[in-house]
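A quick write-up on the structure given underneath.
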């Protein structure tokens, strides 16, 4: 179990929501964030992916596409729903067997105090594929106090 509140006061966190292992756009998003990982590391940001598949599928996905950060399971869509990134589409849900909706690709950068400083909104098409949009916000953050772990 991972709680965002456990990071408060220690380091900033970047949450990356994906639709699932089946989503090619999400694979691209994860790879793009991975290519920019050093930028996040310089500020002590811990990157966490969140997807609707079970943990074994998520683990296989990050290994297959070469992502070095953790991928968490939100198989009941509880976290995705709290962040407002769930779409209810009955036809798509049946096709991918998600009874609780489909998460939309998005990212949220929270500072060391837990304040959300940046959101890549699913309403702004393509924004989730460009982590460079976060960089100006990232530069304004104080460095985290804990060493980077992947």
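Bear in mind that the values in this text are calculations on the coordinates, not laboratory data. Quantities reported herein were computed from a predicted structural model and do not represent experimental measurements. Cβ coordinates were reconstructed from backbone atoms using ideal geometry, including for glycine residues, and neighbour counts include every protein chain displayed.
Determine, for each peptide in 14-26, 54-66, the mean count of other beta carbons within 10 angstrom over its residues, then list the peptides with the highest first.
14-26, 54-66
Residue 117 label point, 7 Å along Cα→Cβ, cut-off 19 Å on backbone N: hits in segment 30-58?
In segment 30-58, the label zone of residue 117 (backbone N under 19 Å from the point 7 Å along Cα→Cβ) covers 33-34, 36-49.
Taking the number of other C-beta atoms within 10 Å as the exposure measure, put 115, 32 in order starting with the fewest.
Ordered by Cβ neighbours within 10 Å, fewest first: 115, 32.
Take residue 82 and residue 10, extend 7 Å from each Cα along the Cα→Cβ direction, and tell me the distance between the two endpoints in nm.
The two pseudo-label positions are separated by 1.6 nm.
For the residues 116, 67, 47, what sequence is obtained by ranking on other C-beta atoms within 10 Å, fewest first? If you can, show how the numbers build up before the last one.
Values: 116 12, 67 21, 47 26.
The order, fewest Cβ neighbours first, is 116, 67, 47.
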